[in-house]
């Protein structure tokens with residue numbers, strides 16, 4: 001017989017295992033992380049995240065090349081400065097992908113399908129935010145790692161110091177990722193319409209950044225360095241740099257860095273408040289959407 | 001054991017009362033929840049899923065309390081919303097696998113169940129294409145598949161025939177019947193169309209304005225009529241007069257006669273009448289009450305009537 005037939009074997013009950021909350025949370029996290037890079041989606045969803053992922057690597061690769069050719073270790077970009085120097089690319093990635101995670105389920109009314117299952121509201125939100133944080137962390141940590149590895153290969157001096165700076169910068173990357181994800185997902189969750197989310201996230205990143213720089217410039221002109229320093233709290237990248245400089249011992253990159261450990265702690269508290277506030281707002285937002 | 005039992009369930013929103021002191025017990029099987037749009041059907045489902053706390057009253061689903069055991073209810077039920085709820089850029093397979101994992105099914109089981117379920121609802125090769133390109137009928141099938149993929153004990157289907165053409169409607173109704181009869185999964189299906197639920201349900205609950213109008217086995221609705229439809233090829237009026245003369249309550253309706261059954265001998269009178277008058281009998285049929293009559297009846301029965309006997313196979 002060369003032909004085959006499909007036999008309807010009828011409905012079979014599922015008697016197998018049903019895994020608990022940890023498994024569901026992990027599955028949800030992986031699902032969202034894949035979505036952040038367009039995996040499991042049509043090819044055009046992959047273009048933007050992977051293109052940005054490549055672009056963000058270019059300065060690091062070029063820098064490592066320059067260091068190894070010229071043998072001038074001082075040319076190596078500070079690990080902690082890298083995310084700030086490529087902040088526009090990171091912000092575009094956030095604007096492009098935060099709506100994928102935070103708006104899509106709302107736009108397509110998929111949220112109730114999760115909450116009619118054994119998925120908790122908080123778990124759902126945490127998985128989304130954690131996935132966005134992880135994606136952003138990867139985006140920044142990979143080029144920083146390229147810098148570090150390149151430095152090792154080029155045999156830059158003071159290896160031990162470099163390792164310390166590198167690890168400090170990774171903590172910084174994580175903090176950048178948390179702050180940006182917190183802002184981006186909340187903004188995207190309130191702009192479910194296609195395209196609006198992207199514009200809104202960019203606006204929320206760009207406007208404070210520009211405004212803060214403006215005020216800082218005026219303050220500097222008037223030699224009011226206290227104001228200049230504390231204004232740094234209100235721009236996302238500057239905010240995290242305060243923590244990097246004051247608590248992680250990194251050299252200064254952003255303009256306004258308030259003095260002492262106090263400045264660092266205040267900045268860290270702001271970061272924590274942003275993260276906590278974001279989860280709380282998202283929780284309320286998705287809980288409501290689950291009932292619509 | 002009843003699959004759903006509510007007691008004095010009331011849900012007030014700032015401007016409307018969605019449910020008003022609803023007390024109803026629903027047996028296993030395929031159960032229709034009928035009511036006009038805005039009668040509180042969707043609100044009831046959300047409350048029964050344990051997602052929306054009612055203003056007052058209590059309810060149990062599968063013997064689990066909605067207020068305290070919502071999570072356990074949601075492990076054991078499936079839900080198909082009435083609105084569009086599918087991401088257009090995922091394939092049906094991927095989406096249903098994901099939804100299976102959200103119910104705790106391990107990866108390989110999730111894939112296997114998703115493939116099985118999609119086949120059962122009638123999606124084959126197209127299941128690998130993004131949902132965005134699907135017809136309404138196919139989308140409804142995906143929505144149904146995601147509600148069934150984790151093998152629930154009970155599914156809530158909210159207006160599953162909405163937006164379907166007549167053929168799609170028939171297929172969906174046949175599927176619902178299969179879920180109840182072959183899959184052994186209890187179904188609570190809502191619709192604002194009584195006629196279609198009558199065809200697939202064992203038991204029907206009618207709500208209006210958040211109040212219970214009636215809860216009864218379908219058999220009870222449809223056999224209580226006690227009337228026969230008699231159709232003869234020619235001589236409808238002759239037969240009508242013949243029966244009337246013998247004290248049978250009869251009146252014409254369209255091309256046939258409607259005869260009230262007074263007792264066993266009514267059947268004999270019709271048979272003999274047709275034979276004596278040498279008419280050709282086309283149809284002699286138990287006239288079934290249409291559930292629609294619940295709405296047109298002058299006086300609705302008092303709310304809270306006991307559910308009728310569970311419907312047998314029809």
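The values are calculated or read from the model by the stated rules, or taken from the named source; none is laboratory data. Computed from a predicted model, the values in this text were never measured in an experiment. All Cβ positions, glycine included, derive from the backbone under ideal geometry; neighbour counts span all protein chains shown.
Select, from A:265, A:282, the only residue that is in contact (Cβ under 8 Å) with a residue 12 or more places away in the chain, in a helix (DSSP H, G or I) and closer than 21 Å to residue A:231 by Cβ. Outline the logic, then answer.
Numbers: A:282 fails: closer than 21 Å to residue A:231 by Cβ.
None of the other options fit; the residue is A:265.
Scanning segment A:42-50 for any residue that is surrounded by fewer than 17 Cβ atoms within 10 Å (Cβ to Cβ), under 12 Å from residue A:143 (Cβ atoms) and either out of contact with any helix residue (DSSP H, G or I) (no Cβ under 9 Å at 6 or more places or on another chain) or within 11 Å of another protein chain (Cβ to nearest Cβ) (or both) turns up nothing.
If you go through segment B:143-168 and keep only what is surrounded by fewer than 19 Cβ atoms within 10 Å (Cβ to Cβ), under 17 Å from the mean Cα position of the chain (by Cα) and in a helix (DSSP H, G or I), you end up with B:166, B:168. For segment B:97-120, filtering for residues that are under 27 Å from the mean Cα position of the chain (by Cα) and more than 11 Å from chain A (Cβ to nearest Cβ) leaves 3.
Filter segment B:106-121 down to the residues that are in a loop (DSSP other than H, G, I, E, B) and touching a helix residue (DSSP H, G or I) at 6+ places or on another chain (Cβ under 6 Å) and list them by number. First the steps, then the outcome.
Let us first name the residues in segment B:106-121 that are in a loop (DSSP other than H, G, I, E, B), namely B:106, B:121.
Residue satisfying the conditions is B:121 alone.
Checked against the criterion of being at positive phi, assigned by TED's automatic domain parsing to the domain that holds residue B:176 and buried (at least 21 other Cβ atoms within 10 Å of the Cβ), the candidates B:104, B:122 yield just one match: B:104. Being farther than 25 Å from residue A:24 by Cα, at pLDDT below 95 and either more than 14 Å from chain A (Cβ to nearest Cβ) or touching a strand residue (DSSP E or B) at 6+ places or on another chain (Cβ under 8 Å) (or both) is the requirement here; does residue B:21 meet it? So residue B:21 fits the description; yes.
Scan segment A:11-29 residue by residue and report those that are without any contact (Cβ under 8 Å) to a residue 40 or more places away in the chain, more than 8 Å from chain B (Cβ to nearest Cβ) and under 22 Å from the mean Cα position of the chain (by Cα).
As a first pass, look at segment A:11-29 and keep what is without any contact (Cβ under 8 Å) to a residue 40 or more places away in the chain: A:11-20, A:22-23, A:26-27.
If we keep only those that are more than 8 Å from chain B (Cβ to nearest Cβ) as well, we get A:15, A:22, A:26.
Matches in segment A:11-29: A:26 only.
Is at least one residue of segment B:26-49 touching a helix residue (DSSP H, G or I) at 6+ places or on another chain (Cβ under 9 Å), under 15 Å from residue B:148 (Cβ atoms) and either at the interface with chain A (Cβ under 9 Å from one of its Cβ atoms) or in a helix (DSSP H, G or I) (or both)? Within segment B:26-49, none of the residues are touching a helix residue (DSSP H, G or I) at 6+ places or on another chain (Cβ under 9 Å), under 15 Å from residue B:148 (Cβ atoms) and either at the interface with chain A (Cβ under 9 Å from one of its Cβ atoms) or in a helix (DSSP H, G or I) (or both).
The number of residues in segment B:59-84 being part of a loop (DSSP other than H, G, I, E, B) and either over 24 Å from residue B:125 (Cα atoms) or modelled with pLDDT of 95 or more (or both) comes to 9.
Looking only at segment B:51-79, which residues are under 19 Å from residue A:289 (Cα atoms) and at the interface with chain A (Cβ under 9 Å from one of its Cβ atoms)?
Keep residues of segment B:51-79 that are under 19 Å from residue A:289 (Cα atoms), which gives B:51-54, B:70-71, B:74, B:78-79.
Selection gives B:51, B:52, B:71, B:74, B:78, B:79.
Within segment A:239-272, track down each residue that is farther than 22 Å from residue A:166 by Cβ and under 19 Å from the mean Cα position of the chain (by Cα). I'd like the intermediate steps shown before the answer.
Within segment A:239-272, the first condition is being farther than 22 Å from residue A:166 by Cβ, and the residues that meet it are A:255-256, A:258-263, A:265-266, A:269-270, A:272.
Across segment A:239-272, the qualifying residues are A:269, A:270, A:272.
Return a yes/no flag: does segment A:53-69 have any residue that is under 30 Å from residue B:99 (Cα atoms), at the interface with chain B (Cβ under 10 Å from one of its Cβ atoms) and touching a helix residue (DSSP H, G or I) at 6+ places or on another chain (Cβ under 9 Å). No.
Residues in segment B:60-74 that are surrounded by fewer than 17 Cβ atoms within 10 Å (Cβ to Cβ) and within 16 Å of residue A:19 (Cα to Cα): B:71, B:72.
Is there a residue in segment B:242-257 that is free of Cβ contacts under 8 Å to residues at least 24 places away in the same chain, assigned to a helix (DSSP H, G or I) and surrounded by 16 or more Cβ atoms within 10 Å (Cβ to Cβ)? No - not one qualifying residue is present in segment B:242-257.
Condition check: within 14 Å of chain B (Cβ to nearest Cβ) and touching a strand residue (DSSP E or B) at 6+ places or on another chain (Cβ under 9 Å). Does residue A:118 satisfy that? Steps first, please.
Values: within 14 Å of chain B (Cβ to nearest Cβ): yes; touching a strand residue (DSSP E or B) at 6+ places or on another chain (Cβ under 9 Å): no.
So residue A:118 does not fit the description; no.
When A:179, A:171 are checked against the criterion of being in contact (Cβ under 8 Å) with a residue 12 or more places away in the chain, out of contact with any helix residue (DSSP H, G or I) (no Cβ under 6 Å at 6 or more places or on another chain) and closer than 20 Å to residue A:250 by Cβ, A:171 stands alone in meeting it. Residue A:241 meets the conditions (1) at pLDDT 95 or above; (2) more than 23 Å from residue A:206 (Cα to Cα) in every case but one. The failed one is (2). In this structure, residue B:140 does not satisfy being touching a helix residue (DSSP H, G or I) at 6+ places or on another chain (Cβ under 7 Å), at the interface with another protein chain (Cβ under 8 Å from one of its Cβ atoms) and in a helix (DSSP H, G or I).
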